[in-house]
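This report refers to the structure that appears directly beneath it.
Read-outs: derived from the displayed coordinates by stated rules, not from any lab. Computed from a predicted structure; not experimentally measured. Here Cβ is always computed from backbone atoms with ideal geometry, including for glycine, and neighbour counts include all displayed protein chains.
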Amino acid sequence: MLVLLLLGTDGPGVLSQAQTVSGIDLKAIDKSADPCRNFYQYACGQWMEANPIPPQYARWGRFNELLDSNQQVLHELLEDSAKHQDRSPVDQKIGAFYSSCMNETAIDAAGDQPVQPEVKRILAMKDKTELAAEVARLHNQGVPVFFRFGSTPDFEHSTMTIADVDQAGLGLPDKSYYLGTKDEELRAKYVAHVSRIFQLIGASPTDAGSKAKAVMTLETALAQASLDRVARRNPHLTHHRMSVSELEALAPGFGFKEYFKERSAPAFDSLNVAVPDFFAAIQKQLTAASLEDLKSYLTWHYVSAYASELSKPFVDANFDFYQRTLTGAKELQPRWKRCVQSVDNGLGDALGRKYVEKAFAGQSKEKTQQLVNIIEKQMAANIDSLPWMSGATKQQALAKLKGVTNKIGYPEKWKDYAGVEVTSTNFVADVRGAEEYEIRRRLVKIGQPVNRAEFNMTPPTVNAYYSPLENNINFPAGILQPPFYNSKADMAVNFGGIGAVIGHELTHGFDDQGRQFDADGNLRDWWTQQDAAEFKKRVDCIADEYSKFSPVEGATLNGRLTLGENGADNAGIRLAYMSLLAGLEDGSVASGKLDGYTPQQRFFLGYAQIWCANQRPESLRNSVRTDPHSPGEFRVIGVVQNVPEFAAAFSCSAGQPMVSANACRVW
Ligand SMILES: [Zn+2]
């Protein structure tokens, strides 16, 4: 499903933040740095110095601190539920799930037994006509071999849910890893990892090596036919309504009828085929690959999908490649953290419900709602005042803004997981059961009206999102805390934190991608040609600006991949700043100096300090290829150079690095 997040999700919680009058973390500031030369260093320098990345992490930032503190809360809740499973159905579900995850002795003793029955089924296939049914079985268990099949709001009638098939099936994080001339070493490590997994389920080293090579060949062909991340940001390139027979014609050798039947999908005549060329490529591979090679491909993905739930050798191998090699993390996280994560993934609403009762104060919801109202009001004023947009397009933009709904904290209705059996003794079975339940829940939506009240993030999540197809913004309870929002802190700092986040999410409805959808969430062009051209000119400025940033030796940011997020950051801070000015005017923001800083300075420090982070070079190299968000450093300096009010607040002069001669501004 198409959603725009606040940040990437490669893992980064009670805060070390010194309680100050303003809410600014004074200990984080590097007074020896010049805010006009490098504001990120100024705002975060001492924090970075004092917070080296723990060995279990690829990056460590303020987000991680908050996530970590949320995890401590969840940990206590789960330990308690595990001891009192008879107290309620919710305690039984999450307590038993957590217990089966924590029972490392039983997991290690089981070895590869939990995955052997499915592996045997795969190996027993007699010819390629059995493939569709086996792929369906794997998809039901959350293993995305070849492609994904699920449901999505219809791009053209966004209140209805339709069936959707899309590219998938790669084991490396991006298509470019298969094709890049500089990635040979990484590919060799990947093949070695795949081979290791085959050996762990009993293959000889030689046999495992040739199976791994076959997997690589097949995945490379799929990678070649995949649409890249930048292209996928254009909704027109992933929107192709087709009849089922048109899909079948793309890959006649696969047997989609059989597949849909095995998935027990609701009946449908047409569906969205996100990337038609990809399905043509599947057809080619069905002919080119031997039955043995196809079995190897399915087996690898199945075992890999459950590797982190299996015994220690699997967990270690999985960590070694997907964490150590790809992100630079040095050690596994403690088991309890991985188990907290597992319950959040599998039974998120049951755990989230407890989290909200314990950690989300009632008034936080109201307070956030008030802030959203303030930022929305400023956005309307901002649209009205845009010098480059015609009245006709402004009217449409204002209508879209008016149509934005917001959801704060947690869903109105909790999922009950009644159909999920939790054994408390077989961890793989428990994870699989939760996975099957969620996949089924989404699949049966095909043909049904879209339920816009649903939350696509669990309550403890430290993130937020905008959904262009639903035209709503969503803030889980997990993010509505310091350093983003602190009810005891000065409002200038809160506007720089949660204010900018709210502005960021709202702007996603109007970024280069979101602007293509209308107030109802339909893919419909509401722009005059002239205004669209003016918009494009302005976002190009942002794309060029960020493309010059180099977060790690030998790599620069992809200004096109990160365009929507950078645009949202740039407009988000403007809306929050306008709200600050309104607050100073009406007296709701303290106008004098606090902790030695003016309200304007506190605002920009509040913004910058949410992004304080350290990140490993391996993780940065992976991020620039896969993450549509810029690293924290550039979310700060990329934005402030475009904002003349920043230069004024810190008395920076033209020609200094934080004052761009060519300041970009869209909204
Ligand atoms: Zn975002």
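For region 292-303, 3J(HN,Hα) computed residue by residue from phi via the Karplus equation (6.51, -1.76, 1.60; θ = phi - 60°) reads 4, 5, 5, 5, 4, 4, 5, 4, 3, 5, 5, 5 Hz, glycine and proline entered as x. With θ taken as phi - 60° and the Karplus curve 6.51 cos²θ - 1.76 cosθ + 1.60 applied, the whole-hertz 3J(HN,Hα) list for region 65-80 is 4, 5, 4, 4, 6, 4, 5, 4, 4, 5, 4, 4, 4, 6, 4, 5 Hz, x standing for glycine and proline.
When region 143-192 is described by a simple charge dipole with +1 on each Lys and Arg Cβ and -1 on each Asp and Glu Cβ, the residue from TYR190, SER158, LEU179 located farthest towards its positive end is TYR190. I need the Debye-formula profile for region 311-470: one equal scatterer per C-alpha, no solvent, reported as log10 I(q)/I(0) at q = 0.09, 0.16, 0.18, 0.19 1/Å, two decimals. Relative scattering, expressed as log10 I(q)/I(0), comes to -0.50, -1.09, -1.21, -1.27. A simple rule links phi to the HN-Hα coupling: the Karplus curve 6.51 cos²θ - 1.76 cosθ + 1.60 with θ = phi - 60°, which for region 215-226 gives 4, 4, 4, 5, 5, 5, 5, 5, 4, 4, 8, 7 Hz, with x for Gly and Pro. Here, region 177-224 has an Rg and a Dmax of 11.0, 33 Å when only alpha carbons are counted.
Region 268-390: percent of C-alpha pairs farther apart than 20 Å? Cα-Cα pairs of region 268-390 separated by over 20 Å account for 74 percent.
The length gained on full extension between ALA429 and ASN456, counted as 0.36 nm times the residue separation minus their Cα-Cα distance, comes to 7.3 nm. The base-10 log of I(q)/I(0) for region 226-286, evaluated at q = 0.17 Å⁻¹, reads -0.63 [Debye formula, identical scatterers on Cα atoms, solvent excluded]. Stretching GLU79 away from ASP520 to a fully extended chain increases their span by 154.4 nm, per 0.36 nm per residue minus the current alpha-carbon distance. Residues of region 518-543 with an amide N closer than 14 Å to a point placed 7 Å from the Cα of GLN395 along the Cα-to-Cβ direction: 526-528.
Converting the Cα gyration tensor eigenvalues of region 142-207 into ellipsoid dimensions via √(5λ) gives semi-axes, longest first, of 35, 17, 6 Å. If you take the Cα centroid of region 492-516 and the Cα centroid of region 621-667, the two points sit 16 Å apart. In this entry, region 499-550 is assigned a mean projected area of 4.7 nm², taken as a quarter of its C-alpha convex hull surface.
By the Stokes-Einstein formula, at 0.890 mPa s and 25 °C, the chain with its Kirkwood radius over alpha-carbon pairs has D equal to 94 µm²/s. Its Cα gyration tensor gives region 96-182 an equivalent ellipsoid, and the semi-axes of that ellipsoid, as √(5λ) in whole Å with the largest first, are 30, 21, 19.
Protection proxy ranking of 32-42, 143-153, 355-365, by the mean of other Cβ atoms within 10 Å over each peptide's residues and highest first, is 143-153, 32-42, 355-365.
Given 20 °C and 1.002 mPa s, compute D for region 29-74 with the Stokes-Einstein relation, Rh being the Kirkwood radius over Cα pairs; round to the nearest whole µm²/s. The Stokes-Einstein estimate is 181 µm²/s.
Taking only the Cα atoms of region 414-502, the radius of gyration and Dmax are 17.8, 51 Å.
In the chain, helical runs assigned H by DSSP with n ≥ 4 each contribute -39500 (n - 2.57); averaged across all residues and rounded to the nearest 500, the mean residue ellipticity at 222 nm is -16000 deg cm²/dmol. Annotation: Cα Rg of region 573-619 relative to the compact-globule expectation 2.2 N^0.38 Å equals 1.50. Summarised in one figure, the compactness ratio Rg/Rh of region 461-549, Cα atoms and Kirkwood Rh, is 1.07. Less than 5 angstrom separates the built amide H of ILE162 from those of THR152, ASP154, GLY447, all sequence-distant by 5 or more or on a different chain. Charge dipole (Cα centre; +1 on Lys/Arg Cβ, -1 on Asp/Glu Cβ; no other charges) of the chain amounts to roughly 180 debye.
Among the GluC sites (Glu not before Pro) in region 242-327, none sits in a DSSP loop with a Cβ that has at most 13 other Cβ atoms within 10 Å. Each principal axis of the Cα atoms in region 594-658 has its own extent, and those three values, largest first, are 38, 28, 17 angstrom. Paramagnetic label reach from SER385 (point 7 Å along Cα→Cβ; backbone nitrogen cut-off under 15 Å): within region 538-578, residues 571-578.
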